[in-house]
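Here is the structure we will look at.
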Amino acid sequence: MDLLQTPLHEIALETGARMVPFAGWEMPVQFTGVVEEHSSVRKKAGVFDISHMGVFRLEGKNPKDALQALVPTDLHRIGPGEACYSVLLNENGGIIDDLIIYDLGTSSETSSSLLIVINASRTETDIKWLRTYLDPSEISILDAKKNKIFLAVQGPQAQQILESIIGISLERMPRFSHCYINLKNFNQSNTAFIARTGYTGEEGFEILLQSDLGHSLWQELLAKGVTPCGLGARDTLRIEAGMHLYGNDMDQTTTPFEAGLGWLVHLEKAMPFIGQEALAKQAEFGIKQRLIGLELTERAIARSGYKVLHQGKVIGKITSGTWSPTLGKAIAMAYVPTSLSKIGQLLEVEIRNKRHIAKVVKKTFYLRSSA
């Protein structure tokens with residue numbers, strides 16, 4: 001099957017991108033190098049093409065109430081202009097996908113909207129799941145991306161640089177807020193959706209805009225010294241920040257409690273949701289496994305799938321692992337029995353038939369100084 005390409009594909013190649021297949025798309029894995037791109041986001045600013053992500057809109061009468069039955073998070077804790085992170089669950093409490101839900105507010109007396117961003121690899125699965133449970137006569141599921149460009153501008157200087165380009169102050173936008181802005185500094189007047197969200201552990205923004213404006217913004221950002229970044233740096237950044245990757249650190253066999261996402265579960269909310277009974281049992285009786293952070297004492301890198309051992313016995317496997325450019329050490333995440341998940345616990349990781357000592361640490365390996 002032919003790989004899909006984002007509207008920025010050609011300009012990315014011209015910028016020096018090395019492409020790889022990812023979730024059915026041909027995407028840049030790096031431009032100048034993973035470490036350089038990673039460091040630019042930590043120290044200044046980087047821009048990612050995230051146009052492969054699924055972006056759709058739920059529109060109709062009370063879409064929030066309709067979606068509420070499919071997620072464990074109380075959606076009524078957010079209002080127009082706000083957003084939250086949550087997960088779709090199956091009947092066993094397993095995670096179908098993680099997603100960000102943006103409350104767009106009311107568009108008329110009888111209609112309101114939610115914008116939802118999902119993983120590229122789960123788009124078809126998620127849409128099918130939503131169509132199974134949402135009444136089509138009440139809620140429409142609309143493609144909000146179409147041929148638009150979706151950019152993530154991340155780093156301590158992201159706000160300053162973006163403001164200098166678009167001519168609009170973003171100071172009053174708190175994290176997980178969003179709005180529509182008019183791009184005054186471009187040749188044509190148009191609006192773009194902008195949210196103060198990201199997947200790097202740094203301050204930053206995600207912007208959905210028309211293709212021609214997306215090309216212009218990409219070029220303007222690079223002209224301001226923003227580094228183009230690929231999937232490689234996106235992965236090392238999110239691992240340092242302890243952020244999950246669907247298919248690695250969570251899937252339909254793992255629950256939010258096991259994945260360290262218990263804060264997303266609001267069992268006390270009035271409206272029942274799919275998977276509630278299974279999660280209520282885990283809340284009462286505990287969990288058998290937990291996703292942990294690991295810090296290796298040597299330079300060897302623990303990759304996804306590597307065995308985790310305790311006293312010579314295999315007890316789990318690595319879900320994500322990398323060499324941390326920021327911390328200068330090897331870090332990883334893994335599922336292990338709850339009894340062996342306490343901070344400071346010593347375990348072993350098998351790498352090329354050799355066992356390396358690893359210590360259980362907090363999953364948020366890196367925390368920006370302003371946090």
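Some observations on this one:
- Rel. contact order, % - alpha carbon contacts under 8 angstrom, at least six apart, region 300-347: 35
- Taking all pairs of distinct alpha-carbon atoms in region 54-143, Kirkwood radius in angstrom: 13.0
- The stretch between residue 314 and residue 5, if pulled fully straight at 0.36 nm per residue, gains 107.2 nm over its current Cα-Cα span.
- A viscosity of 1.567 mPa s and a temperature of 4 °C, combined with the Kirkwood radius over Cα pairs in Stokes-Einstein, give a translational diffusion coefficient for region 288-361 of 111 µm²/s.
- If R0 equals 51 Å, the separation of the Cβ atoms of residue 298 and residue 190 corresponds to a calculated FRET efficiency of about 0.45.
- With only Cα atoms counted, the chain has Rg and Dmax values of 20.9, 65 Å.
- The GluC sites (Glu not before Pro) found in region 120-182 that occupy coil by DSSP, while having at most 12 further C-beta atoms within 10 Å, are 138, 171.
- Taking the centroid of alpha carbons for each part, region 4-81 and region 320-367 are 27 Å apart.
- With all pairs of separate Cα atoms included, region 169-236 yields a Kirkwood hydrodynamic radius of 13.3 Å.
- Cα-based reach from residue 269 at 18 Å (exclusive), listing aspartates and glutamates while leaving out same-chain residues under 8 positions away: 65, 74, 91, 277, 284
- Among the trypsin sites (Lys or Arg not before Pro) in region 136-196, those placed in a DSSP loop whose Cβ has at most 11 other Cβ atoms within 10 Å are 146, 172, 184.
- Across the chain, the mean sequence separation of Cα contacts (distance under 8 Å, 6 or more residues apart), normalised by length, yields a relative contact order of 18 percent.
- Given 317/342; 43/354; 44/317; 313/362; 64/146, the pairs whose alpha carbons are separated by over 28 Å: 43/354; 44/317
- In terms of its Cα atoms, region 1-129 spans 48, 35, 28 Å along the principal axes, sorted from long to short.
- Using C-alpha pairs under 8 Å with a sequence gap of at least 6, the mean separation divided by the residue count of region 1-153 gives a relative contact order of 28 percent.
We did not get these values from a lab; they are worked out from the coordinates using the rules stated. Just so you know, these numbers come straight off a predicted model, no measurement behind them. FYI the Cβ positions are ideal-geometry reconstructions off the backbone, even for glycines, and counts take in every protein chain you see.
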